[in-house]
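This report refers to the structure that appears directly beneath it.
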Amino acid sequence: MKKHLTAMLLLTGLLIATGSCSLMADDTGKLINNKCRQNLKTLNETTAKFVKDTNEHLPPWARYDTVKSSLMSFDYLPQDPIAPTPDCKYFLISNSREDFQWYCALHGVLDGEKTITFQYHEHRIMAKTTDRYMNNKRYKEHNSDLLRWTEYSPTPVERLKYHYNMNPLSTILIMSGIVFVILFVYRSL
Ligand SMILES: [Zn+2]
């Protein structure tokens, strides 16, 4: 029994040592959410400036690429927003020149009355949706696509990565415990 205990302590020590450089909890979902919300904020502000400077009408729904190539010049959008995930795709929605918002296919809008959270690979994502643009067919379709993320089921590895990022030490201890139990059962056979 003592042998097992020593083995477990050694194993735990080893795991902690290998993981010690990243033992601080790292909420990757929160980092992604913040980056994307910052992109939406910048795009909203840029569009507000564009509306103020020109008499142009905004399209009810347009992809970022279309807006950049046919509406706002390089002066307004000198740099493309860096999407924090491959699913962060940006669209402009507008009811009028005064009522518009940028939309991310994964994070929704910046200013929305509904908040939803879901698992996206190993990250916890927070998105916002609004009923304000439900009269817009394209928005409605994209909104239902976004809600489908709530049914996403992460793989065991993604789950493990998520728990490790959120709480590294306890994940290592639990995993070591599982390894120990497996070893113990195996040895007793
Ligand atoms: Zn996004």
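Could you check how many residues of region 63-72 are surrounded by 11 or more Cβ atoms within 10 Å (Cβ to Cβ) and under 17 Å from K49 (Cα atoms)?
Here the count works out to 5.
Give me the residue from region 98-124 that is charged (D, E, K, R) and touching a strand residue (DSSP E or B) at 6+ places or on another chain (Cβ under 7 Å) and, out of that set, surrounded by the most Cβ atoms within 10 Å (Cβ to Cβ). Break it down stepwise before answering.
Step one: filter region 98-124 for residues charged (D, E, K, R), giving 98-99, 111, 113-114, 122, 124.
Among the residues that remain, those that are also touching a strand residue (DSSP E or B) at 6+ places or on another chain (Cβ under 7 Å) are: 111, 114, 124.
On the way: D111: 12, K114: 13, R124: 17.
Once the filter is applied, the top-ranked residue is R124.
Which of (1) in contact with a strand residue (DSSP E or B) (Cβ under 8 Å, 6 or more places away or on another chain); (2) under 30 Å from P156 (Cα atoms) does L43 not meet, given it meets every other one?
Going through (1) in contact with a strand residue (DSSP E or B) (Cβ under 8 Å, 6 or more places away or on another chain); (2) under 30 Å from P156 (Cα atoms) one by one, L43 breaks only (2).
Looking at A48, A62 in this structure, which one is over 20 Å from the mean Cα position of the chain (by Cα), away from the ligand (no atom under 16 Å from the Cβ), under 16 Å from H142 (Cβ atoms) and not in a loop (DSSP other than H, G, I, E, B)? Full working, then the answer.
On the way: A48 fails: under 16 Å from H142 (Cβ atoms).
Answer to the selection: A62.
List, please: which pairs have Cβ atoms under 6 Å, are six or more places apart or on different chains, and start with a residue in region 72-98 that is in contact (Cβ under 8 Å) with a residue 40 or more places away in the chain and end with one that is surrounded by 15 or more Cβ atoms within 10 Å (Cβ to Cβ) and among the charged types (D, E, K, R)?
Sorted first by the residue in region 72-98, then by its partner, the pairs are P84/K35.
Report, by residue number, each residue of region 125-170 that is away from the ligand (no atom under 16 Å from the Cβ), surrounded by fewer than 16 Cβ atoms within 10 Å (Cβ to Cβ), polar (S, T, N, Q) and part of a helix (DSSP H, G or I).
S144, S170
Every read-out reported here was derived from the displayed coordinates using simple, explicitly stated rules and does not represent laboratory data. All of these numbers come straight from a predicted model, not from anything done at the bench. Every residue, glycine as well, gets a Cβ built from its backbone with ideal geometry; the counts of neighbours run over all protein chains shown.
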